[in-house]
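Presented below is the structure to which this report refers.
We did not get these values from a lab; they are worked out from the coordinates using the rules stated. All figures in this text were calculated on a predicted structure; none of them were measured in a lab. So basically every Cβ, Gly included, is an ideal-geometry build from the backbone, and we count neighbours across all protein chains shown.
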Amino acid sequence: MKGLYSALMCSFDEQGKVNEQGLREIVRHNIDVSKIDGLYVNGSTGENFLISKEQKKQIFDIVKDEAGDEVKLIAQIGALNIDEAIELAQFATSLGYDAISAVTPFYYKFEFEEIKDYYTTILEHVDNDLIIYSIPALTGVNMNLEQFGELFEHEQVIGVKFTAPDFFLLERIRHAFPDKLIYSGFDEMLLPASVLNVDGAIGSTFNVNGKRAKQIFELAQSGQIDEAREVQKVTNDLIAEILDNGLYQTIKEILIFKGVNAGLCRKPMKSLTDDGISKAKQIAEKYL
Ligand code: NAY
């Protein structure tokens, strides 16, 4: 399960419906062009929190059908409605997903005991491995080393997708839990995370910049830090321009420019203006 995973985008049409052909093309682009090791399906980048349970199932289904066993597949099933999370976990597991992942429950400012109970309850209902999805900037949920340790005591909890700029905590988790999988979640910080010996990374920009991400990861693993820094520098020039123009919309527009039918984002995400579309094309021509 180690390696680089694209946080998979989904193609939506103007009515907000899943564009099956477009989604299949995004999967193929990631496997055939970006050469990623796996796909993280229905995460933040997949606009998971903007879609219905039926759409989540539809996406899990299409992605597994298109990817088969060519790459590893992780299904993000976290939902505030725990019954939905369990149903999605069982569904993805029945399709053959290699692991499930669940974002820390958010919005109600749950106590740690409640968060732990959430994961334990899901795992009572599904025979699959689980990766904690920690993204404090979006959820407001900050867990400390001891709390990660408590979650890791469950043998089905095999790791964490660590999307935070806290390298002190990342180093402590790596040191304390050498057998758990740690995936870095911020593409612009892939090099420092790789130096701290993460097992892989999960990123939105890998949908278009997967080859450079892999280079950074592999160069860092083999101790070629100067070379890795150069690739991270170009990568961060690219990411800065993408963030400035609108993260998910710009990645989709770059994919469209590359001939992939990546579609639109779901409302309330706004669409790119004509200027934004031109800018995305310029970014693609300059970096990709
Ligand atoms: C997800 O579930 O899609 C992720 O969290 C993937 C990680 C991305 N985080 C978000 C919130 O999109 O790739 C990152 C991020 O887009 C990138 O580093 C740019 O900041």
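Quick look at the numbers
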item	result
Chain lengthening between residue 241 and residue 225 when straightened (0.36 nm per residue, less Cα-Cα)	3.4 nm
Debye, to nearest 20: dipole size of the chain, +1 on Lys, Arg Cβ, -1 on Asp, Glu Cβ	820
At R0 = 25 Å, FRET efficiency that the Cβ-Cβ distance of residue 50 and residue 120 yields, to 0.05	0.35
Per-pair calculated FRET efficiency, R0 = 35 Å: residue 188 and residue 147 via Cβ, rounded to 0.05	0.85
Choice from 104, 121, 93 showing the highest fluctuation, given a GNM over the chain with Cα pairs closer than 10 Å	121
Of all DSSP beta bridges in the chain, antiparallel share, percent nearest 5	5
In order through the stretch 170-176: 3J(HN,Hα) via Karplus (6.51 cos²θ - 1.76 cosθ + 1.60), integer Hz, x for Gly, Pro	4, 5, 5, 5, 4, 5, 6
Listed residue (90, 256, 46) projecting farthest to the positive dipole end of the chain, Cβ model	256
Label-to-label distance, nm, for residues given as residue 21 and residue 172 (7 Å Cα→Cβ offset)	5.2
Which of 5, 139, 287, positive extreme of dipole for the chain (C-beta unit charges)	287
Charge dipole (debye, nearest 20) of the stretch 154-220; +1 at Cβ of Lys and Arg, -1 at Cβ of Asp and Glu	140
Expected 222 nm ellipticity per residue - DSSP helices of 4 or more, -39500 (n - 2.57), all of the chain, to 500	-15000 deg cm²/dmol
Segments 200-209, 138-147 sorted - mean Cβ within 10 Å per residue, highest first	200-209, 138-147
Stokes-Einstein diffusion coefficient of the stretch 1-53, Kirkwood radius over Cα pairs, 10 °C, 1.306 mPa s, in µm²/s	136
Across 35/214; 161/281; 17/281; 211/258, pairs whose alpha-carbon gap is larger than 19 Å	161/281; 17/281
Per-residue HN-Hα couplings for the stretch 24-30 [Karplus 6.51, -1.76, 1.60; θ = phi - 60°; Hz; x = Gly/Pro]	4, 5, 5, 4, 4, 4, 5
Kirkwood Rh, angstrom, the stretch 3-224 [1 / mean 1/r, Cα pairs]	17.4
